[in-house]
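Structure, as structure tokens:
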Amino acid sequence: MHCHQEKNKGRVALITGSTSGIGKAIALQLAEDGFTVVLHSRSSVMEGENLAKSLPGATYFQAGLSDQTQAKGLIAEVLHQHGRLDVLVNNAGINAMIPHGSLKEATADVWRDLYEVNVIAPWTLISEAEQALKDASTPECASSIINISSHAGVRPKGASIPYAASKSALNHMTQLLALTLSPDIRVNAIAPGLVDTPMTASWVEAHKLWKEKSPMKRGAKPGEIAHTASMLVASSYLTGEIILSDGGLNLT
Ligand code: NAD
């Protein structure tokens, strides 16, 4: 009795950071699944507006999510424009590449910036959207939240220790909120390994690692992460899951 394409007509999905990479792929996939999608980014307004024009009923909003007023304003704008919210995908995130042994390079400001965007912004968006997600939820088409974390938040690795710790916090928040917001709102996370996006194009070492060590012999395409998001949204039962999407690297 999962919620299929026809039933998604009129349902609204907000995907943060959706003018490029994983977020854009999730927005295109959810549009294909029948959702009215709301696109968002911090700065690429032209891309966002053009993408919105190409998808039926879609809109685009710009907001800097390290600013609490703008984060709250984003949810208010979505509700003002669309009148409801069924799915929230917290995809926007930042990274910091710092060798794990260079402790002094990982300054308090680095920690704060990562925490602000990767942890506090998703929290604020979820708390602002909670009532609307509850109102839109039905047993057949339960509202859901998907947080895009990272395999670095599950295993002790990643581009830097502050990045990995911020994604780990997002995973823990996912499970605590799954307990707190059930049964009306399901809350899950996707923890990708390496995904082919502009952000990772220059990560030669990571590409080598996945090619040589992962059972799938490659990183993921953004569309493959979007497919997992689509499955989680379609489920009427899964909650509190952190779906490791690393092509099996964790097994080796
Ligand atoms: P990307 O750089 O293409 O997308 C990041 C998005 O986040 C952009 O749209 C940007 O506008 C938005 N963003 C960043 N800071 C923001 C801020 N302060 N306010 C508002 N928006 C902001 O990167 P991507 O690779 O598609 O990453 C998407 C998510 O997936 C991130 O959370 C990232 O940590 C996670 N992730 C990516 C990989 C990978 O290999 N690419 C692996 C694991 C996890």
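The values are calculated or read from the model by the stated rules, or taken from the named source; none is laboratory data. Owing to the predicted nature of the structure, the values given are computational and were not obtained by experimental measurement. As a convention, Cβ positions derive from the backbone with ideal geometry for all residues, glycine included, and neighbour counts pool all protein chains shown. The area values use the complete protein model at the heavy-atom level, side chains included, leaving out ligands, DNA and RNA. Shrake-Rupley method; radii C 1.70, N 1.55, O 1.52, S 1.80 Å.
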Over the chain, what percent of the accessible surface lies on carbon and sulfur atoms, probe 1.4 Å? 57
Which residue, chosen from Leu176, Val45, His82, occupies the Cα position most advanced towards the positive end of the dipole of the chain, where the dipole is computed from +1 (Lys, Arg) and -1 (Asp, Glu) charges on Cβ about the Cα centre? Leu176
Cβ-derived FRET efficiency at R0 25 Å, Thr200 paired with Gln81, nearest 0.05: 0.15
Between Arg218 and Thr180, Cβ-based FRET efficiency (R0 41 Å, step 0.05) works out to 0.65
So with the 1.4 Å probe, I'd like the accessible area per residue for segment 90-234, rounded to whole Å². 47
Find me the longest stretch of the chain that has none of the exposed trypsin sites (Lys or Arg not before Pro), where exposed means in a DSSP loop (not H, G, I, E or B) with at most 11 other Cβ atoms within 10 Å. 10-216
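Go ahead and estimate [θ] at 222 nm for the chain from helices alone: -39,500 (n - 2.57) per DSSP H run with n ≥ 4, summed, over the residue count, rounded to 500. Numbers along the way, then the final one.
On the way: 8 runs with 104 residues, N = 252.
Mean residue ellipticity, 222 nm, calculated: -13000 deg cm²/dmol.
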For segment 207-252, whose charge dipole is built from +1 on Lys and Arg Cβ atoms and -1 on Asp and Glu Cβ atoms, the candidate among Ile225, Trp210, Ser245 with its Cα farthest towards the positive end is Trp210
List the residues whose amide H sits under 5 Å from the amide H of His40, counting only those 5 or more places along or on another chain, with H placed 1.01 Å from N in the peptide plane. Ile15, Gly17, Ser18, Thr19, Phe61
Accessible area per residue for segment 1-56 in Å², computed with a 1.4 Å probe and the full protein assembly in place, what is it? 48
Residues with amide H under 5 Å of Val195's amide H, sequence separation 5 or more or different chain, H placed in the peptide plane at 1.01 Å from N; which? Ala220
Round to a whole angstrom and tell me the spacing of the C-alpha centers of segment 78-126 and segment 173-189. 18
The simple spin-label model distance between Ser102 and Lys211, using points 7 Å out along Cα→Cβ, in nm, is 2.5
Want the number for Lys72 to Ser127: 0.36 nm per residue separation, take away the alpha-carbon distance, what's left? 18.9 nm
Pairwise Cα inverse-distance average, inverted: Kirkwood Rh of the chain (Å): 18.2
